[in-house]
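This report concerns only the one structure given below.
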Amino acid sequence: MSGMGDYSREESIFGFSGPVARIIAAAIILVAITVALYSLPERSSEWIRSREMIRKLYLFPILLSAMWFGARGAASSTMFATLVCGGLAGNAWPAEVSSQVERVGEVAVFWLVGALSASFFEQQRRFIGQIEVANDNTLLALASALDVREHNTGVHSQRVADYTLRLAREVGVRDKDTLDVFWRGALLHDVGKIGIPDKVLLKPGRLSEEEWVVMRNHPEVGARMLRKIEFLRGPSEIVLSHHERYDGEGYPRNLKGAAIPLGARLFAVIDVYDALTTDRAYHTARSHTEALIKIRGEMVTHFDPSVVAAFAKIPFEELREIAKKNQTPLLFAAPPVPSLHQVGSVLSPGS
């Protein structure tokens, strides 16, 4: 499992990432402006205008805080600027009435800008969220249509997408954008089958060599489709690579080991697990434990061993809840059903 967290692609500042990095960045800017303000001569008339310009720089962290954290962030930064400019943090309050009015006006502008920018960015965030929901609902409809076309897979696409998301968190991925890419890539993994004729895709028996050539085109067909859409270019890499094998014997590019995108390595385990634990035209569903033993037998050749080890740490009850959510009875095994913690020793490499 070492190194799995490296795939979390959050921006970092001084070793911190996500909200922590943003808090640090805002704090550094606020402190830097304050230090610059205090470094000017205390009672030098020629620096009065310079002090006014420096105080106006507080608008920058206020806007950043509003964009990153909404109303609370804007209020926090504005309060800091108010304390400094209001003479409550060591910055002398002016004696002249005109200067006092000007200082109050500056503080009022801080609060006005903070309130307006927080409102704007929160509305923008809600709007973007609505667009993302609409996009994902469209993708779900497309995936459902593909599942209906390919009989006996049920809600396979949505189920494996949810499994993949859970496994991604298990290996240490925390960045929301990366998790979205993994979920969408898993959901649309078979979108390229749109281009596969029914006589090949729905053939009940074994495929001929010529038919396999046609079938193996679907990762490339799907990736080409998704690359034409900006927000699906990341998921297209999972679609292109979801039939690669850890030993390099997969297709279409014969990628090996870490050269296979992490999302595709996660999905490889999930896809086989789902196929084994659901009824298909060519077999009846196996039990949870049987599926894990089967996956363990193909480590190093088919699967990344560290991904299999991570999968073994997910409690079985969580997998069952995902399956139930997607209308799938998991699993057909006599009770008590062992958890993945209980079978972890069976799956650990070298056992």
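Which net charge results when you count Lys and Arg as +1 and Asp and Glu as -1 among the other residues whose beta-carbon is under 15 Å from that of Phe121? Don't jump to the answer; show the numbers that get you there.
Numbers: positive: Arg22, Arg72, Arg125, Arg126; negative: Glu122.
That works out to +3.
Just to confirm the filter: which trypsin sites (Lys or Arg not before Pro) across the range 105-210 are DSSP coil and have at most 11 other Cβ within 10 angstrom of their Cβ? The partial results should precede the final answer.
Values: sites: Arg125, Arg126, Arg149, Arg159, Arg166, Arg169, Arg174, Lys176, Arg184, Lys193, Lys199, Arg206; in loops: Arg174, Arg206.
Answer in residue order: Arg206.
What FRET efficiency would be calculated for the residue pair Val101, Ala27, taking the C-beta separation as r and a Förster radius of 30 Å, to the nearest 0.05?
Numbers: r = 30 Å, r/R0 = 1.01.
The pair Val101/Ala27 has a calculated efficiency of 0.50.
Compute the accessible area per residue over the range 131-214, keeping the other protein chains in place, probe 1.4 Å, unit Å². Please list the in-between numbers first.
Numbers: 4020 Å² over 84 residues.
Heavy-atom accessible area per residue stands at 48 Å².
Using 0.36 nm times the number of residues separating Val133 and Ile229, minus their current alpha carbon distance, what extension gain do you get? Could the numbers behind the result be given before it?
On the way: separation 96, 0.36 × 96 = 34.56 nm, distance 1.62 nm.
Stretched fully, the Val133-Ile229 segment lengthens by 32.9 nm.
Can you compute the label reach from Val20? Point 7 Å from Cα along the Cβ direction, backbone N cut-off under 15 Å, restricted to the range 175-197.
Correct set: 175.
If I ignore ligands, DNA and RNA and count only protein heavy atoms, how much of Met79 is accessible to a 1.4 Å probe, in Å² to the nearest 10?
Accessible area of Met79: about 90 Å².
Taking every eigenvalue of the Cα gyration tensor of the range 153-241, multiplying by 5 and rooting it, what semi-axes result, largest first, whole Å? Display every interim value, and only then the final one.
Numbers: eigenvalues 145, 46, 19 Å².
Largest first, the range 153-241 gives 27, 15, 10 Å.
How much length is gained on full extension from Asp198 to Lys324, taking 0.36 nm per residue of separation minus their Cα-Cα distance? Don't skip to the end; give the middle numbers.
Details: separation 126, 0.36 × 126 = 45.36 nm, distance 2.97 nm.
Here the segment from Asp198 to Lys324 would lengthen by 42.4 nm.
Under 14 Å from the Cβ of Asp136, count the other residues' Cβ atoms, weight Lys and Arg +1, Asp and Glu -1, and hand me the total. Mind showing how you got there, number by number?
On the way: positive: Lys176, Arg184; negative: Glu132, Asp162, Asp177, Asp180.
Net charge in that neighbourhood comes out at -2.
For Thr178, Thr301, give me the order by solvent-accessible area with a 1.4 Å probe, most accessible first, ignoring ligands, DNA and RNA.
On the way: Thr178 15, Thr301 60 Å².
Ranking Thr178, Thr301 by accessible area, largest first, yields Thr301, Thr178.
The values are calculated or read from the model by the stated rules, or taken from the named source; none is laboratory data. Only a predicted model underlies this, so the values are computations on that prediction, with no experimental measurement involved. We place every Cβ from the backbone using ideal geometry, glycine too, and count neighbours over all the protein chains shown. We work out accessible area using only protein heavy atoms, side chains counted, and drop any ligands, DNA or RNA first. Shrake-Rupley method; radii C 1.70, N 1.55, O 1.52, S 1.80 Å.
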